[in-house]
Each structure stands twice: as structure tokens, then as C-alpha cells.
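Chemist: Here it is, the structure in full.
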Protein chains: 4
Amino acid sequence: MIWKIFLVQEHGRSRKLSKIWVINERVRVGLAESLSTYVMMVFGLGSVAQVVTGRGAFGEYLSVNLGFGLGVAMGMHIGGRVSGAHMNAAVSFSMCLFGRLGWRMLPVYILCQLIGSFLAAGTIYSLYYDAIYHYCGGNLTVSGPKATAGIFATYPAPYLSLPAGFLDQVIGTAMLLLCLMALSDQRNQPAPSGSEPIAVGLLVLLIGVSLGSNSGYAINPSRDLGPRIFTAIAGWGPEVFRAGNGWWWVPVLAPMVGGVTGASIYKVFVELHHPSPCEHRREIEDEAEEEAAPLDMQKNLSPEVCV
Amino acid sequence: MIWKIFLVQEHGRSRKLSKIWVINERVRVGLAESLSTYVMMVFGLGSVAQVVTGRGAFGEYLSVNLGFGLGVAMGMHIGGRVSGAHMNAAVSFSMCLFGRLGWRMLPVYILCQLIGSFLAAGTIYSLYYDAIYHYCGGNLTVSGPKATAGIFATYPAPYLSLPAGFLDQVIGTAMLLLCLMALSDQRNQPAPSGSEPIAVGLLVLLIGVSLGSNSGYAINPSRDLGPRIFTAIAGWGPEVFRAGNGWWWVPVLAPMVGGVTGASIYKVFVELHHPSPCEHRREIEDEAEEEAAPLDMQKNLSPEVCV
Amino acid sequence: MIWKIFLVQEHGRSRKLSKIWVINERVRVGLAESLSTYVMMVFGLGSVAQVVTGRGAFGEYLSVNLGFGLGVAMGMHIGGRVSGAHMNAAVSFSMCLFGRLGWRMLPVYILCQLIGSFLAAGTIYSLYYDAIYHYCGGNLTVSGPKATAGIFATYPAPYLSLPAGFLDQVIGTAMLLLCLMALSDQRNQPAPSGSEPIAVGLLVLLIGVSLGSNSGYAINPSRDLGPRIFTAIAGWGPEVFRAGNGWWWVPVLAPMVGGVTGASIYKVFVELHHPSPCEHRREIEDEAEEEAAPLDMQKNLSPEVCV
Amino acid sequence: MIWKIFLVQEHGRSRKLSKIWVINERVRVGLAESLSTYVMMVFGLGSVAQVVTGRGAFGEYLSVNLGFGLGVAMGMHIGGRVSGAHMNAAVSFSMCLFGRLGWRMLPVYILCQLIGSFLAAGTIYSLYYDAIYHYCGGNLTVSGPKATAGIFATYPAPYLSLPAGFLDQVIGTAMLLLCLMALSDQRNQPAPSGSEPIAVGLLVLLIGVSLGSNSGYAINPSRDLGPRIFTAIAGWGPEVFRAGNGWWWVPVLAPMVGGVTGASIYKVFVELHHPSPCEHRREIEDEAEEEAAPLDMQKNLSPEVCV
């Protein structure tokens, strides 16, 4: 009985501790999410700055793909087991919708991602200050032959209509989330344990290589909005929000739609059809001679005992 | 005895369930095969569209190699443990011929692959609609300086004769299957468990880097025919089947021949000679001092007990 | 008792042996550190020499990124488990400061790194002697259109002020150490065991792709100073120390500052907040229904028993 | 006693079987070595053919590095556990010298490698026959603006003297073997188990990126001599042996010297100094407080019990 009372007291103390811990946990997760987004964006924006200001002598379009791809991989190593290193509001939003992240954490994630990408824009601005001014002659423009705003945020190609741009961002983010779902589906062929960062990095590289030329593959509200706000403050002015027929809201909203679409497609086409281990096993034993099913489906069987 | 009756009844029920399950299994496998082919093709065709319409500003030939290579890797993560993610009728055909897939499943695989690649062509067409029209001035042509049909299906280089093109596709697919057999041969040096997608992706990248300039390395009927049918419907017209002296059937038929050839070469040169664990071990113990054989052959010994 | 005497004697003998062993250990570690730095630098400098003297026919800027990135990976395979293969005085210095390396070993590491990079510069000079003379017509210059000193040591871009260059090296090395800390943090998402060399190699490639155009991403005193001394002796003369307003000391000093900064940032933002296994577990059990915290934080729990 | 007689009889039978088995083993190893060399060379030569005949539209110098690098990786998957997939006479020779391969097997290896690379040259010649003729107008030359012999064998840059070329091949092969020794040294930081092919592939890519512009990084007698003989027969004539002041023997002889040099350097600098587990452990326990040695040296301890 004393033992029980102790437990109750313990529980009371634990309750209070728990409150502190929840706050601490938010700080902990928020710091990691900020830092991983910061690292990803420093590498990503840095690669664009280098290609633009280097006039082709210090890299090419493929360098930008590598910069964002490997930047995402490094970001995942930074925040991986602490915050999950989403680094993308569309990813956080989809995780909430599919129950993998509590909704209460969503504002923390988005805010920290925006802070991280804003600070990364500032870092790259300081680092390439001389290079940018040397390149554009001190005239910070959003469009034209010496435009430099594109180092920080994305702008659509001149031929792209706004609806087509929206579709571009929806499809790009849908492909991202569709593949992310597969890479983490332990009942399918996931990325090898420990190699998730490089697998996701290669996925982002791939999206840049194949779905990037229309509007620079933002596919991420946090990646685009933070640096855009920074450029508005740092000298490019409100034009960064007006350019491209008011393009700025497209890479904020469309990835939300696309992310949920892509994750749902994977669920409908693949995840929902994973057999429960028991019924699957019984059927297989039964029709061993039927031969119709592919031979490697047995890999799906988990080692759990079926009653 | 009651137990036995129950078993028989159970068996009867199971029979019926089995029929349903076989249908379900086909749906399950088909959906996964469609989606993995779709994902692979969106990334692959997207990279070509970007390089062609970007006039070199958004990637180069190497980007296309990366687009198809990493696209295959992502496709394998999507369908991996469900359908095997062949994404290639020549692979499915070879798997059937070598007993790794039931023949009854072959039409399901090929049909789903064609649907996947057809839909991917449609997706890329929508996504790059503005870019394609901006590039070619609204004039969709199959050949000439502003040809855009090559974004979707493959066409031979002008100097290539039809027999040489057939040989090109046979050799390309033979190298693909030869290496695929090695990558999955557990008694040799296979791709590390879990890394199969990236290993196969690098193989496809490699084929693009070294065997691609003659006719665009289709090496895959499903990759080529689906998008070709799409272009015939979407505005390029029947010319897509006439171009290159009626090239279209070459990447459909030659990969079938090449796939079987390549897989057979691996079987004849390597797989057939794998020693059975027992005789191998006895010989090795016997001639430890003979020294003629390479030292690392002992790795072949499986831990099974020999009687 | 005899046993005890024996032990004491043993201990005496061991003391003496220990002295020898400490010397031996320094030799052992020093040889490995020299060789790994040598290997890294031969590959790195070789790639620059090839790009410069080949006038674009034998690689591009990306080749240099690959040369240093994969060169670091190979260097880590050479010295990995013997010396840790720092190959970078800023890394060794930070390791000392954070207690992962004894201070007494620091001079050994730095000296051996300098010897390794000096010898590598000599090797590349011999190897590309004909190519360099053919390229510059026998006139070894530090600046100008046919400058070749940049093959060996780094020089700032013409537009870069000295403070901006210092910042460039601080940020570059900070990003290096920040990510190195994450890649080796076993309580977070480290590089998969055995894949550390390739992960660090990709990190260096990434820094080259995104933070390299200002001053050639030395981010390493040992990489820069050894070859610079070599060029001073080999024919380029004291100009190598005067060029860029006396640039030479920046890549020596700034990486030391940057390395410590980057490692500290990781510690403050992530490492300090790792929960101790026990308190973490208790809280989690307590607030299972609170739902506020992300679901994957439980991965942090170590299997140790909490009392 | 009956048991013993049986054993003797068994032994007699086994002797005879052993003879057959030795012959079989040579066939088995030879077939695998031929096929792996063939695969490596088809991919490698294919990438050169594509870059040369494509006039830059189908790849660049980096494609050739990828072609040979990933080609080596695929070759190692083909012959890996059967023959070791040396694919290089200099590697086989070094393996013999360091006791990892019986000398009696050396002629088998070299012959099979030459057959493999000769057949690969033939395959690439057939595959790119139209492209080569279209490129050079049917005039097969060894030097000059439209030279095509360089697709198959290596030729030195015009500025390269013969001794400098010899040094180039010695250093290139020395770096190859030095790193190969490290990649397979289980007491150091080897390539992760199962990832050896890709690690060696990246090493060959790296050598191409950094040590390739002088003479095309043959670093392999088997890679160079087989295709050179093929071109002599196929239409380029005896000029292939006369070009570059009789260059042909350099990539045959120099890699032998370089391979042994590189492997020896690794042995002298690293391998000889690996502590035996027992003495190492005793010392470590003894000087735990001495602090001079780096902390991660303890990883070297094997789990064996020391008496």
C-alpha cells in the first residue's frame, strides 16, 4: 500500500516534471529542426550563389542539384533522431495529417524551419556579399540579365502561366512525398537502415534533375518563404513578392496540396494492400502449387507467429 | 477425428479464399508495378524534357543518365517487395523464362508497365506543356532541329542502320540482364541487402553513360512503347511510328532477345559453375597444400553441414 | 604472494615497454596520418592540375569537387582506425579542445599532415611537370591568365576583401565541423558504421559545390600551407605568400576559429539536449497520451536498464 | 580399422577428383575473370566511344570516368566471389607477390583478362561501327583531329616524354594498389562488407578525375593491350604500336612496377604497424592515464582472449 501511495506521489511529481519536459522537448526539437534546416539551406543556397556569381566557372546546374540534394542529406544527419529533420512545412503538414506528428508540434516545426532558412539566407548573403556585388555591379534586381534574387528564392520561367506553375509545384511535391513514403515503409523496400539521409538526398537531387526547370523546384514552403522575406528586407525590396504575377504564394501553398496528394497515392496504390502477415501466410501455404503469384512475395511475411 | 474434419472444412474455405486472394494478389502486384513504372518514367522523361527544352541551361546529357538511373532506384523502392519492380517487359519476360515469375503473371506485368509509362508521359506532357510549346513554337515535330518527340520515346541517330540499331538494343539489354543476374546472385557478390535499388540505378546510369548515344538506350519495351503511343495521340501523330525507317518495333523486340541472351551468358559463364557446398569443401580440405587455387575461393562455402 | 610479486615485476617490465610503446604509437599514428594526408592531397591536387592544364578537356570544376571529396574518403580508408585520418589541423585542434585527442598528440598530427601534403605537392609537380610547362610556357606565375600556383594552394577571388575571406574560411570550416560532429554522434543519426569515409567525402564535395568559389575552400591549414611552401621552393617564389594581400595566413588561422565554432554550435543546438536514457523514458511513459511530442523521438532510448 | 582403410580409399579417390577439380577450378575462375573483364571493358570503352563520336553531345570527360569507375564496380559483381575480379594484370601480379594468389594461377588470370578486353573491344567496335565511320569519314587514324584509336587503347598527350609517361603510369597504379590494400585491410577501416565493388569503382573514378590527363590512366596492362591488339587487326594497323614513340609497352610494364610499389608503401606505412591484439591490450590497460595516444586506437583490439 505504501508502495501504491509512493507511486501516486511519484505520478504527481512526474506530472509537473512532464510539463517542464514538454516545454523542454519543444525547445529540443525546435533547435534541431532549425539547425538542420539552416545547414540544408546554407549548402543549397550556397550552390546557387556560386553558380550564378561564378558565371559557369564554379559549377553548373548539376552543382545546384548536388548542393540541395546533399544539403538535405546533411540536414537529416543533423536533426535526424531528434526532430526527424523535415526541413519542409509540406512534409510536416503531411506527417500531421497521417498521424505521424502531433498537430500541436506543427507550428513549432514551421516556425523553426522558417527561422533556419531565413538565417541561412543571411549567412549566404554575408558570405557571397562581395561576389554578388561584383556580379551585378551593386544593383540588386529580381529580374533581368543580372538578376540575383533567384539565388535565394524561386521564380517561374518567363513562359510559365500561374496555373501551370501551381501544377508544377503540386506534382514536384507529390513525387517527393510519394517516394518518402516508400523510403520509410518497413513492409516494402525501404532505404537501408542508417542510409535514409543519403537516400532522401538522392531523391531531392533527382527531383532537381527532372522536375526543376519550370520554376526551380522549391517543393517546400520553408525553403522558399524564409529567404524571400530575407531578400525583401536585405535590398531587393517588395518586388520579390510581385515578380512572376505574384508567384510567391505558389511555392507556399501548392506543396501542401502536392504533399498530401503524393502520400495518399502511395497509401492507395501500395500501403493499403500490404497483406496482414497471418492471412497472407495461410494462403501461400495453401496454393503453393498455384504458381500464379510472383515468387518473391513471400518476403513480405513477418516472423510473427499466427494463431 | 473432429480435428481432421475441421481441417478439411478449413481447407474448403481456404480454397475459396484462395481464389479471391489470387485476384487480389494480381491487383496488388499490378498496382505496385504500375506505380513504380510511373515514378521511374516521370523522373526519366522529366530529365529529358528539362534538358531539351532548357537548351542546356538546366542540365546536360549526364542529367538524363541521372534521371533514368535514380528514377529506376526510386521505382524499385516503390514496388520492390510487392511486385519486384521490374518496370521493364524484357526483365519480366526473362524472369518468366528462368522460372522466377509465373507465366500467368506476365500479361499483368506488361500491361501495368505500359499503363504506368503512358500515364507518366501524360504527366510530363502536362508539366512541361508550356516549356515544350515555348521551345518549339507550338509545332510538335518528330525530327528536325526543334524535334520534341524524342522527349518521350527513343529514335535512332541519323547514321544508324536498322540492323545496327537492333544489335545496339540487344547488346544494351544483354548487359542490363547480365549485371542484374550478378547483382542478385546470393552465391556470388550480390548488391548488399537493402541496397539493390541504388545498385540497379547505378547500372542503368552506367548503360546510359556508355551505351546510349546510338539510339537513346531504351533497352525496355515498356519504357518506349507507352510514351510513343501517348505522343501519337497527343499531337505528334503517326509519324512517331514511321520515323527512323519504322524504328518503333526495335526497342520492343530487341530487348526481349537481348535480355534472355544476357541472362544466359551469366548462367553459362558463372552461375552453372558455382560448386555445391559439399563437394567443394571436401576438395579444399584435400588439397590445402596444392596452392593452385586462389585463396579467396573459400568464401563460397555455405555454412550448411555436409554428410 | 608469489603471484603478487610476479605482477609487480610484470608491471615494472610493462612500464618500460610502455615508454617504448608510446614512442612506437606516435610513429605508428604519425605514419598513418602522413600517408592518409598524402593520398588525399595527391588526388585533390591532381584533379586541380588536370582541370587547369587540360583547359576544360579533362574535367571541370565538378571534377575538383570529386577529386577532393573522394580523396578525403580514400584518405580515411588509409588512416581510419590508426590515426583517425584527420588530414586537417583544424579537425585535430577541435578534437583536442573537445577532449577526443590528447594535446600531446597535436604537434605530431599537424607535422605529419604538413609532411604529407608537402610530399603530395611534390608528387603532383613531378607528375604534371610536362603538362604545367606546356600550359604556361615555362613561366610559373601566381596570378594572371596562365597562373599555375592555384593548382597547389588556394588564392582568393580578385573581388574578395581580406575580412570577407576570413569569414569565408570560418564559415566553410564551421559547416565542416558541424556536420562532422553530427556524422559521428551515435545518439543521433550518424553515418552508417563503415560508411564514414564516403559520408565525409560527400560532405567535402558538398562544401566545394556550395562554399568554394570565393577562395577555393581550403578549410584546412594542412591542405593549404604544405603545398604553398612547396611552390615557394619549387619555382613560384615568395610571391605565393604575398599574393592576395598576404592571403596565406587566412586559410591557416580562420579554419581553427571556424572549426571550434562549428563544433560548438552542434553541441549547443543538439548534443547538449540529448536526454539521458532514464529520465527520458520515465517521461514518455507518463505522457503517452499527451501527443505533443513527435512520435519518432522514442528512438533515442538506449536499451540500458533504468533504476 | 575398417574405418581407417575406408578413409585411405576415400583419400585416393579424392586425390583423383582433386586433379579434375583443379582443372575445373581453373576453368571456373578463368570464365569468371574473362566475363568480369569483358563487362568492365564494354562499359569503359563504350563511354569513350560515346564521348568521342558524340562530339560532346553525349557526355563529357566525366562520363568516361563514370564509365570506367562503375564498369569496374559491375565487373566486381560479376566475378567477385569466384575469381576476385582483378580485371588487371598488375593487380593479379601484386596479389601473387604478396601471397594472396598462387603463381600458377597468374597466367590463367592474365590470359583471361586479355581475352575479355579483346572481346569487349570487338563488341564496342561492332556497336559503334556506324558512329565511328560517321565520325571519321571511314578513315581510321591513330592521331590527328579525327583520331579514333584512342577509343580503344591509351595514347600519351603530345607534350609527354616517355620517362614522364612511365612515371605517370607508375604513380597511377601505385595509388590504385595503395588504396586497394586499405579497402581490404580488415584491421583498419575497410570498405563495408558487400560494398567493395562500389568502393573500388569510386577509387577508379577518382584516379580518372585526378591522374588521367597525361595519358588516359590505363594503369592496367590487360585494359590496354587487348584492345590495342584488336585495333591493330581491325583496321588501324601497326601504327597503334608505333604512336607516341612506341608508347604501347609503357601501360604494360609500368603498372607492374607501380602496383608493387603502392602495395608495399601501404604495408610499410600502415599494415606492418598494426599491433598484435595481446601486446596492444596490455599496454593500453597500463597507461590508461598517460593520455598521449588518441582515444580511438582501442578499436583495433580484436575480441580474442590474450593469455
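The values are calculated or read from the model by the stated rules, or taken from the named source; none is laboratory data. From a predicted model like this one, the values you see are computed outputs, not experimental measurements. We place every Cβ from the backbone using ideal geometry, glycine too, and count neighbours over all the protein chains shown.
Chemist: Within the range C:153-175, which residues are part of a loop (DSSP other than H, G, I, E, B) and more than 10 Å from chain A (Cβ to nearest Cβ)?
Modeler: Selection gives C:Ala153, C:Thr154, C:Tyr155.
Chemist: Within the range C:33-74, how many residues turn out to be polar (S, T, N, Q) and touching a Leu at 6+ places or on another chain (Cβ under 6 Å)?
Modeler: Qualifying residue count for the region: 1.
Chemist: Also, I was wondering about something else. Using beta carbons and a limit of 6 Å, which pairs, at least six apart or on different chains, have the first residue in the range A:48-68 and at the interface with chain C (Cβ under 8 Å from one of its Cβ atoms) and the second one polar (S, T, N, Q)?
Modeler: A:Gln50/C:Ser213; A:Gly54/C:Ser213; A:Phe58/A:Gln50; A:Phe58/C:Ser213; A:Gly59/A:Gln50; A:Ser63/A:Ser47; A:Gly67/A:Ser47; A:Gly67/C:Ser210
Chemist: Mind counting the residues in the range C:120-136 that are of a type in the set (A, V, I, L, M, F, W, C) and either over 27 Å from C:Ser47 (Cα atoms) or not in a helix (DSSP H, G or I) (or both)?
Modeler: Within the range C:120-136, residues that are of a type in the set (A, V, I, L, M, F, W, C) and either over 27 Å from C:Ser47 (Cα atoms) or not in a helix (DSSP H, G or I) (or both) number 0.
Chemist: Next question, about the same structure. Find all pairs meeting these conditions: Cβ atoms under 6 angstrom apart; at least six residues apart or on different chains; first residue within the range A:99-117 and under 20 Å from A:Met41 (Cα atoms); second residue among the acidic types (Asp, Glu).
Modeler: Partner pairs satisfying both residue conditions: A:Tyr109/A:Glu33; A:Cys112/A:Glu33.
Chemist: Read through the list (1) touching a residue at least 24 places away in the same chain (Cβ under 8 Å); (2) polar (S, T, N, Q); (3) over 23 Å from C:Ala199 (Cβ atoms), then give the number of the only condition that A:Ser83 fails.
Modeler: (3)
Chemist: Name the pairs whose Cβ atoms lie under 7 Å apart, with the first residue in the range D:222-235 and more than 17 Å from D:Pro156 (Cα to Cα), the second modelled with pLDDT of 95 or more and among the polar types (S, T, N, Q), and 6 or more positions between them or separate chains?
Modeler: Close Cβ pairs (under 7 Å, with a partner that is modelled with pLDDT of 95 or more and among the polar types (S, T, N, Q)) amount to D:Ser222/D:Thr37; D:Ser222/D:Asn88; D:Ser222/D:Gln113; D:Ser222/D:Ser117; D:Gly226/D:Ser117.
Chemist: Of all residues being assigned to a helix (DSSP H, G or I) and facing chain B (nearest Cβ under 10 Å) in the range D:97-119, which is surrounded by the most Cβ atoms within 10 Å (Cβ to Cβ)? Just the residue, please.
Modeler: Of everything passing the filter in the range D:97-119, D:Tyr109 is surrounded by the most Cβ atoms within 10 Å (Cβ to Cβ).
Chemist: Looking at the range D:189-204, is at least one residue acidic (Asp, Glu) and farther than 19 Å from D:Ile78 by Cα?
Modeler: Scanning the range D:189-204, I find no residue that is acidic (Asp, Glu) and farther than 19 Å from D:Ile78 by Cα, so the answer is no.
Chemist: Okay, moving on. So A:Gly54 ticks every box in (1) surrounded by 24 or more Cβ atoms within 10 Å (Cβ to Cβ); (2) over 16 Å from the mean Cα position of the chain (by Cα) but one. Which box is left unticked?
Modeler: (1)
Chemist: Which of the residues spanning the range D:137-152 are without any contact (Cβ under 8 Å) to a residue 60 or more places away in the chain and either under 21 Å from the mean Cα position of the chain (by Cα) or not in a loop (DSSP other than H, G, I, E, B) (or both)?
Modeler: Listed by number, the list is empty, since nothing qualifies.
Chemist: Any residue that is under 36 Å from the mean Cα position of the chain (by Cα), over 27 Å from A:Pro221 (Cα atoms), modelled with pLDDT under 95 and part of a loop (DSSP other than H, G, I, E, B) - is there at least one of those in the range A:286-295?
Modeler: Scanning the range A:286-295, I find at least one residue that is under 36 Å from the mean Cα position of the chain (by Cα), over 27 Å from A:Pro221 (Cα atoms), modelled with pLDDT under 95 and part of a loop (DSSP other than H, G, I, E, B), so the answer is yes.
For every residue, the table says whether it meets (1) surrounded by fewer than 24 Cβ atoms within 10 Å (Cβ to Cβ); (2) more than 7 Å from every other protein chain (Cβ to nearest Cβ).
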position	(1), (2)
B:Met181	yes, yes
B:Gln186	yes, yes
B:Ser195	yes, no
B:Ile198	no, yes
B:Val209	no, no
B:Ser222	no, yes
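Chemist: Taking the stated definitions as given, is C:Ile198 closer than 30 Å to A:Tyr61 by Cα and among the β-branched types (Val, Ile, Thr)? Don't jump to the end; show me each part of the working.
Modeler: On the way: closer than 30 Å to A:Tyr61 by Cα: yes; among the β-branched types (Val, Ile, Thr): yes.
It is true that C:Ile198 is closer than 30 Å to A:Tyr61 by Cα and among the β-branched types (Val, Ile, Thr).
Chemist: Further question on the same structure: Quick check, is D:His86 facing chain B (nearest Cβ under 7 Å) and either outside any helix (DSSP H, G or I) or touching a Pro at 6+ places or on another chain (Cβ under 6 Å) (or both)?
Modeler: Here the answer is no, as D:His86 does not meet what is asked.
Chemist: Which residue out of C:Pro238, C:Pro251, C:Pro158 is under 24 Å from C:Leu62 (Cβ atoms), surrounded by fewer than 21 Cβ atoms within 10 Å (Cβ to Cβ) and not small (Gly, Ala, Ser)? Break it down into steps so the answer makes sense when it comes.
Modeler: On the way: C:Pro238 fails: under 24 Å from C:Leu62 (Cβ atoms); C:Pro251 fails: surrounded by fewer than 21 Cβ atoms within 10 Å (Cβ to Cβ).
The unique qualifying residue is C:Pro158.
Chemist: Consider D:Gly80 carefully, then state whether it is under 16 Å from the mean Cα position of the chain (by Cα), of a type in the set (Gly, Ala, Ser) and either more than 21 Å from D:Gly44 (Cβ to Cβ) or surrounded by fewer than 24 Cβ atoms within 10 Å (Cβ to Cβ) (or both).
Modeler: When the stated conditions are applied, D:Gly80 passes them.
Chemist: Right, another one. Taking the condition among the aromatic types (Phe, Trp, Tyr) and at pLDDT 95 or above, does D:Phe43 pass?
Modeler: yes
Chemist: Filter the range A:176-222 down to residues that are in a helix (DSSP H, G or I), farther than 24 Å from B:Ala32 by Cα and of a type in the set (S, T, N, Q), then give me how many there are.
Modeler: Going through the range A:176-222 one residue at a time, the tally reaches 1.
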